[in-house]
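Report on one structure; see the data block that follows.
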Amino acid sequence: MTRWVVDASPLIFLTKLDRLDLLRRGADQILVPSKVVAEISAGRDDSAGQVSRALGTWLRERPLALRDLPPILKTAGPGEAAAMLLAQQVDADRIVMDDLNARRRARALGLHPVGTLGLLLAARLRDEIPCLRDEIARLRAAGFRVGDALVQAVLAEAEEGGPGR
């Protein structure tokens, strides 16, 4: 059974794209820390509603077993730290998060991060989405920040490398 832990950013941005289902296709069990649920619920957009509807069905909220933060997580955001701790506690196959520094910390902890772009790329390679370039444009319009070099690398991997393709 594949188990993923997801942080707030991918949940929020996938709801903005109406692609929350991409998480379901990637793993048998998707867990989200209670702290991340609270973070999303505090938002003022439809993401909170969509995440709330998924909770208890295929998305499972999981409280953390109390323990001290490892030093590497003391400067992480509370949701990111909770996601990394939960991923360690449940021996997750993947942790889904977007923040570059958080992904570096996750790797240092022996976790295997994947981000929203990685999920979209995998979906494109499985022919589940017709055009990755369009999805990335929608992501950016929704406030997703990503460098042009990374976008070009992801588009090249999806064989959408040319300007008009």
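So here's what we get for this one:
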| quantity | calculated |
| --- | --- |
| Odd one out for Leu73 among (1) in contact with a Leu (Cβ under 9 Å, 6 or more places away or on another chain); (2) in contact (Cβ under 8 Å) with a residue 40 or more places away in the chain | (2) |
| Residue ID - farthest from Val5 (Cα to Cα), chosen from residues in the range 137-147 that are in a loop (DSSP other than H, G, I, E, B), open to solvent by less than 60 Å² (accessible area, probe 1.4 Å) and not aromatic (Phe, Trp, Tyr) | Gly147 |
| Residue tally, condition touching a strand residue (DSSP E or B) at 6+ places or on another chain (Cβ under 6 Å) and surrounded by fewer than 20 Cβ atoms within 10 Å (Cβ to Cβ), over the range 27-57 | 4 |
| Residue check for Asp7: modelled with pLDDT of 95 or more and either within 22 Å of Leu132 (Cα to Cα) or in contact with a strand residue (DSSP E or B) (Cβ under 8 Å, 6 or more places away or on another chain) (or both) | yes |
| Leading residue by the ranking (farthest from Ala141 (Cα to Cα)) among those in the range 1-29 that are hydrophobic (A, V, I, L, M, F, W, C) and more than 11 Å from the chain's Cα centre (by Cα) | Met1 |
| Subset of the range 58-74 (residues that are within 18 Å of Gly110 (Cα to Cα), aliphatic (A, V, I, L, M) and open to solvent by less than 40 Å² (accessible area, probe 1.4 Å)) | Leu73 |
| Count of the range 1-26 residues which are in contact (Cβ under 8 Å) with a residue 40 or more places away in the chain, among the acidic types (Asp, Glu) and open to solvent by 30 Å² or more (accessible area, probe 1.4 Å) | 0 |
| Filtered residues of the range 111-132 (kept if under 20 Å from Lys35 (Cβ atoms) and outside any strand (DSSP E or B)) | Leu111, Gly115, Thr116 |
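Let's see how each residue does on (1) open to solvent by less than 90 Å² (accessible area, probe 1.4 Å); (2) more than 13 Å from the chain's Cα centre (by Cα); (3) more than 17 Å from Ile12 (Cα to Cα):
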position	(1), (2), (3)
Ala76	yes, yes, yes
Gly79	yes, no, no
Met84	yes, no, yes
Ile95	yes, no, no
His112	no, no, yes
Gly118	yes, no, no
Ile129	yes, yes, yes
Glu135	yes, yes, no
Ala149	yes, yes, yes
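The values are calculated or read from the model by the stated rules, or taken from the named source; none is laboratory data. Keep in mind that this is a model prediction, so the values were computed, not measured. Note that each Cβ is placed from the backbone with ideal geometry, even for glycine, and that neighbours are counted across all protein chains shown. Please note that ligands, DNA and RNA were not included when accessible areas were found on the heavy atoms of the full protein model with its side chains. Shrake-Rupley method; radii C 1.70, N 1.55, O 1.52, S 1.80 Å.
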